[in-house]
1. Among the residues of region 1-25, which ones are of a type in the set (Gly, Ala, Ser) and farther than 22 Å from HIS108 by Cα?
2. Somewhere in region 307-315, is a residue among the basic types (Lys, Arg) and closer than 27 Å to VAL244 by Cα?
3. Across region 278-294, what is the number of residues that are assigned to a loop (DSSP other than H, G, I, E, B) and surrounded by fewer than 22 Cβ atoms within 10 Å (Cβ to Cβ)?
4. Identify all residues within region 295-307 that are among the aliphatic types (A, V, I, L, M) and either surrounded by fewer than 16 Cβ atoms within 10 Å (Cβ to Cβ) or not assigned by TED's automatic domain parsing to the domain that holds LEU224 (or both); write none if there are none.
5. I need the full set of residues from region 189-225 which are out of contact with any Gly (no Cβ under 9 Å at 6 or more places or on another chain) and in a loop (DSSP other than H, G, I, E, B), in order please.
6. Only one of (1) within 23 Å of GLY10 (Cα to Cα); (2) assigned to a loop (DSSP other than H, G, I, E, B); (3) touching a helix residue (DSSP H, G or I) at 6+ places or on another chain (Cβ under 7 Å) fails for VAL63. Which number is that?
7. Check region 179-190 and report whether any residue there is touching a helix residue (DSSP H, G or I) at 6+ places or on another chain (Cβ under 9 Å), surrounded by 13 or more Cβ atoms within 10 Å (Cβ to Cβ) and modelled with pLDDT under 80.
8. Step by step: first the residues of region 158-178, then only those that are among the small types (Gly, Ala, Ser) and at pLDDT below 70, then the one that is farthest from the chain's Cα centre (by Cα). Which residue is that?
Amino acid sequence: MSLCALARLGNPVLLIAAEESVSQVAQRARRLGDVPNGLDVASTTEVGAAEQLIAERRPTLCVVDSISAMSDDALASVAGSVPQIRHAAERLCATAKSTGTALILVGHVTKDGELAGPRTLEHLVDTVVRIEGDRHGTLRFVRALKHRFGPTGEVGLLEMVHEGLRDLPDAALSLRGPQLDVPGVVFTVTNDGSRSLLVEMQALVASSSVSPRRVAHQVSSQRLSLLLAVLEARCQIDTSASDVFAATAGGLPANEPGVDVALALAVASAAKNFAVPRGLAAMGEVGLAGELRAISGLTLRVREAHRLGASAVIVPAQGELDDIPGVRVHRCASLSEAIGIAQISTK
């Protein structure tokens, strides 16, 4: 729920903007609609001033954007340093507890996706939430990395639109691309928390006149290299002299081992120039011996694939799977067997 929505319900809320002026924040807020009276905005980087605002106004919710920009002149270190971040967070949290205010601290992340600043900042708060996504796409994932009052395995899926972030209950409906039967395209389902997401794996194998390249986008480059080695050693599909490109359509990440079979099938179909039917989904982990290994949540994955149009699935020979009417299940013990099933299905 946004600050504006809380204010419209009669809850006093406070936004302390440490990186933007009040006019800049107001301009952004008006773009999203009318600003309610219960929403107060202050622009300051002084911890003492922020403490005073919270103590005087006693808002239901206070958001500090960002904690990395807050500082205390009493400390010799510069703003954004570890001592300043720790000190500012401790003081603001103490004030919030004394006033009964719910406090949200916005933090920066490093290039590796980790929370910038001291690790004690994560230990200090009750909940750590990370919003991640492809900067070129509109999808955003919300994950709870820490939560003292409940589980952290769930994931929220949002879409960035002109009016801001909105809930996206079914991402697959907006990800289905043109109905093209071309080599290198295979559907799979990845599990994230209790959510199953349909993912379109794409691969392209092209001749290379120089050193062959391996390019992976939204898929694990390590898993791609492993699967290329398995394809060569166990399935006689050699891509050592070719450029191999692998990606997911729509910006959904697919890094778990459960998408191995789909990624390997996409590369195999691109290399062998055969199209996998769009009604066939593949899921499972691939081992170094070329075997298909059982994965968690197989029934959930198959149900989601069937709901979104799959009439047949390729799954590991081992693993519990409930009977799902309308779905033809191909149990495969090896990757070579799965490739054979995919090729037969095209005929």
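1. The initial filter retains those residues of region 1-25 that are of a type in the set (Gly, Ala, Ser), namely 2, 5, 7, 10, 17-18, 21, 23.
Within region 1-25, ALA5, ALA7, GLY10, SER23 meet the criteria.
2. Of the residues in region 307-315, the ones among the basic types (Lys, Arg) are 307.
Then keep just the ones that are closer than 27 Å to VAL244 by Cα; that gives none.
No, region 307-315 has no match at all.
3. 7
4. Filtering region 295-307 for residues among the aliphatic types (A, V, I, L, M) gives 295, 298, 300, 302, 305.
Residue satisfying the conditions is LEU300 alone.
5. If the condition is that a residue be out of contact with any Gly (no Cβ under 9 Å at 6 or more places or on another chain) and in a loop (DSSP other than H, G, I, E, B), then SER208, SER209, VAL210, SER211, PRO212, ARG213, SER220 are the ones that fit.
6. (2)
7. no
8. Initial filter on region 158-178 (among the small types (Gly, Ala, Ser)): 164, 171-172, 174, 177.
Those still in the list that are at pLDDT below 70 too: 171-172, 174, 177.
Numbers: ALA171: 12, ALA172: 14, SER174: 16, GLY177: 20 Å.
In this case the residue turns out to be GLY177.
The values are calculated or read from the model by the stated rules, or taken from the named source; none is laboratory data. This is a predicted model, so every value here is computed, not measured. Backbone-built Cβ (ideal geometry, glycine too); neighbour counts: all protein chains shown.
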